[in-house]
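Colleague: Below is one structure. I have some questions about it.
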Amino acid sequence: MLVLTRKTGEGIVIGNDIIIKVFEIEGDRVKIGIEAPKATKVLRLELYEDISQENKKAIDVTRDAVDKLFELF
Amino acid sequence: MTIASDKIITFTNGILGLEQYKKYVLLDHPGTDIVKWLEAVDEPEVALPVTNPYHFFPNYTPNISRENLLQLHIKSPEEALVLCVLTIRARTKDITINLKAPIIINPDLRLADQFIVDNPEYNIREPLQLKKACSDRRCESC
């Protein structure tokens, strides 16, 4: 992973159409502005990871488990 | 198994965490029309149980931007087929539905993507009352 040090007001350009700017640094919180094409997904990493994990758990569901659920009634 | 190409659903970005698989087929689960399986064409081991969220949550209104829908060439929300991923915790029989990240399909072009909606009321692991939903449905048909 590329690691860069930036100050408030500075930024990073990724490719042709993504700009990331550091707006504010306060304690351990950084306010970041992101300019990206609307088609580009911009997600908080923890949300992305949470949903990814949930999708991977869904793969582990067996057809038997679904059958058993419907046996309940 | 050979799959007719007109059955294949192509994900523009991929299901989150499973971006390496882009092509899926939607298969029925024998004995029920509530659960279907999204199975990766190149890896049949990768199959996610999905359901029509409106079956359980008739007022489900995920906020998906016009731009996101247009990526799938969906011009109005009514054209979209909406599915949500189900997870069953082993042993406990707890079943949850992911209302936070629905899978949106353009049924005509067979294009799809998983979007994260900004509705704060929708959870990644919303408990599903399967039993209740089914008995209610029976009542309706009585």
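The values are calculated or read from the model by the stated rules, or taken from the named source; none is laboratory data. These numbers come from a predicted model, not from an experiment. All Cβ positions, glycine included, derive from the backbone under ideal geometry; neighbour counts span all protein chains shown.
Colleague: Checking B:THR51 against (1) over 19 Å from A:ASN55 (Cβ atoms); (2) in contact with a strand residue (DSSP E or B) (Cβ under 7 Å, 6 or more places away or on another chain), which test does it fail?
Modeller: Condition not satisfied by B:THR51: (1).
Colleague: I'm trying to understand the selection: among the residues of the stretch A:36-73, which are more than 20 Å from B:PRO49 (Cα to Cα), of a type in the set (A, V, I, L, M, F, W, C), at the interface with chain B (Cβ under 7 Å from one of its Cβ atoms) and part of a loop (DSSP other than H, G, I, E, B)? Working first, answer last.
Modeller: In the first step, residues of the stretch A:36-73 are kept if they are more than 20 Å from B:PRO49 (Cα to Cα); the result is A:36-47.
Among the residues that remain, those that are also of a type in the set (A, V, I, L, M, F, W, C) are: A:36, A:39, A:42-43, A:45, A:47.
Going one step further and asking which of them are at the interface with chain B (Cβ under 7 Å from one of its Cβ atoms), we end up with A:39, A:43, A:47.
Hits for the stretch A:36-73 are A:ALA39, A:LEU43.
Colleague: Which condition from (1) within 14 Å of another protein chain (Cβ to nearest Cβ); (2) without any contact (Cβ under 8 Å) to a residue 12 or more places away in the chain is the one that B:THR87 breaks?
Modeller: It is condition (2) that B:THR87 fails.
Colleague: Now for a different question. Of these, A:VAL22, A:VAL3, which one is of a type in the set (A, V, I, L, M, F, W, C) and either surrounded by 10 or more Cβ atoms within 10 Å (Cβ to Cβ) or within 14 Å of chain B (Cβ to nearest Cβ) (or both)?
Modeller: A:VAL22 is the lone residue from the list that is of a type in the set (A, V, I, L, M, F, W, C) and either surrounded by 10 or more Cβ atoms within 10 Å (Cβ to Cβ) or within 14 Å of chain B (Cβ to nearest Cβ) (or both).
Colleague: Among (1) under 23 Å from A:THR40 (Cβ atoms); (2) assigned to a strand (DSSP E or B); (3) aliphatic (A, V, I, L, M); (4) within 14 Å of chain A (Cβ to nearest Cβ), which single condition is B:LEU18 missing?
Modeller: Failed condition: (2).
Colleague: So, one more: Of the conditions (1) under 20 Å from B:ILE116 (Cβ atoms); (2) surrounded by fewer than 16 Cβ atoms within 10 Å (Cβ to Cβ); (3) among the hydrophobic types (A, V, I, L, M, F, W, C), B:LEU16 fails just one. Which one is it?
Modeller: For B:LEU16, the exception is condition (2).
Colleague: Scan the stretch B:25-44 for residues that are more than 12 Å from every other protein chain (Cβ to nearest Cβ) and either more than 20 Å from B:SER5 (Cα to Cα) or assigned to a strand (DSSP E or B) (or both) and jot them down.
Modeller: Residues satisfying the conditions are B:VAL25, B:LEU26.
Colleague: Across the stretch B:92-142, what is the number of residues that are modelled with pLDDT of 85 or more and surrounded by fewer than 12 Cβ atoms within 10 Å (Cβ to Cβ)?
Modeller: Residues that pass the stated criteria total 5.
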